[in-house]
Amino acid sequence: MARRTTLVCTALAAADTLLATTGRDRQRWLTKPLLMPVLMAGRDRPAQRALALGGAGDVALLGSGETAFMAGLGCFLAGHVAWIIALRQRPGRGRLRARPLLAAPHLAAFGAVNAYLWKRTGRDRIPVVVYSAALLAMSLAALDSGSPRTAAGGALFLASDTLLALEKFGGMHLPAHEGLVMATYTSAQALLAGYGAVA
């Protein structure tokens, strides 16, 4: 069952990433809303809650305009809090206490991105800082888990949302930008959820 779910999720994520890369937004209404529900299969309740909030954010961001963006931001903010709760319930925590320097790249990325965006976010400055603080906390909770896969998931989520923020607020447009965001995002969610399977 777990292998079948992984295969379906991988195929769906690849299809959505391709559609995002090629700008086929209408067709993504068929793929993007299914990403998180498929990934929820066989996960424990805390992971399912975090993934469900991510799924709601995915649907919100299929819309256009500021209202859709803020709705997505709110869903993902709640999702990061849900991931922090879920990760703190798993065994193996305490890696950062033993090796606090591991947090340095995450803290440096948080500081650098917020410093760069500070004058560019305008009236969205406070929501962006609050969101990025929750994102940082989630990535550190993943790093603290002691699981390399979970830590990689937190780092990829940090990278995905950084790309999104730099494009929206910083005017940085990379080739295949939306595809890169979705590839890192779906990989992040899958890695975070990987240790939330029900035994």
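The values are calculated or read from the model by the stated rules, or taken from the named source; none is laboratory data. Note that this is a predicted model, so its numbers are computed, not measured. Positions of Cβ are backbone-derived with ideal geometry, glycine not excepted, and every protein chain shown enters the neighbour counts. Surface accessibility is based on the protein's heavy atoms, side chains included, excluding ligands, DNA and RNA. Shrake-Rupley method; radii C 1.70, N 1.55, O 1.52, S 1.80 Å.
Checking the structure you have, find out if any residue of region 99-118 is of a type in the set (Ser, Thr, Tyr), over 21 Å from Leu156 (Cα atoms) and in a helix (DSSP H, G or I).
no
Within region 85-98, the residues that satisfy the criterion of being part of a helix (DSSP H, G or I) and either within 19 Å of Ala159 (Cα to Cα) or open to solvent by less than 40 Å² (accessible area, probe 1.4 Å) (or both) are Ala86, Leu87, Leu96.
Residue by residue, here is whether (1) under 15 Å from the mean Cα position of the chain (by Cα); (2) not small (Gly, Ala, Ser) holds:
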site: Leu62; (1), (2): no, yes
site: Glu66; (1), (2): no, yes
site: Leu77; (1), (2): yes, yes
site: Ala98; (1), (2): no, no
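crowded, with 20+ Cβ neighbours inside 10 Å, of a type in the set (A, V, I, L, M), in a helix (DSSP H, G or I) and at pLDDT 90 or above, is that true of Ala56? Considered against the rule, which asks whether it is crowded, with 20+ Cβ neighbours inside 10 Å, of a type in the set (A, V, I, L, M), in a helix (DSSP H, G or I) and at pLDDT 90 or above, Ala56 comes out as no. Checked against the criterion of being crowded, with 17+ Cβ neighbours inside 10 Å and at pLDDT 95 or above, the candidates Ala82, Ala104 yield just one match: Ala82. Could you tell me whether region 143-152 includes any residue that is among the basic types (Lys, Arg), more than 12 Å from the chain's Cα centre (by Cα) and not in a helix (DSSP H, G or I)? Taking every residue of region 143-152 in turn, none turns out to be among the basic types (Lys, Arg), more than 12 Å from the chain's Cα centre (by Cα) and not in a helix (DSSP H, G or I).
In region 144-158, the residues that are free of Cβ contacts under 8 Å to residues at least 24 places away in the same chain and open to solvent by 30 Å² or more (accessible area, probe 1.4 Å) form no Cβ pair under 9 Å with any partner that is among the acidic types (Asp, Glu) and assigned to a helix (DSSP H, G or I), whether six or more places apart or across chains.
In region 51-67, the residues that are closer than 18 Å to Ile85 by Cα reach residues that are outside any helix (DSSP H, G or I) with C-beta atoms within less than 9 angstrom, at least six apart or across chains, in these pairs: Leu51/Arg43. Taken over region 17-44, the residue count meeting the criterion of being among the aliphatic types (A, V, I, L, M), more than 16 Å from Thr6 (Cα to Cα) and surrounded by fewer than 21 Cβ atoms within 10 Å (Cβ to Cβ) is 2.
From the list Thr5, Thr67, which one is open to solvent by less than 20 Å² (accessible area, probe 1.4 Å), among the polar types (S, T, N, Q) and assigned to a helix (DSSP H, G or I)? Result of the check over Thr5, Thr67: Thr5.
For region 168-192, filtering for residues that are closer than 24 Å to Glu66 by Cβ, open to solvent by 40 Å² or more (accessible area, probe 1.4 Å) and assigned to a helix (DSSP H, G or I) leaves 3.
Against the conditions (1) in contact with an Asp or Glu (Cβ under 8 Å, 6 or more places away or on another chain); (2) surrounded by fewer than 21 Cβ atoms within 10 Å (Cβ to Cβ), Ala137 satisfies every one except (1).
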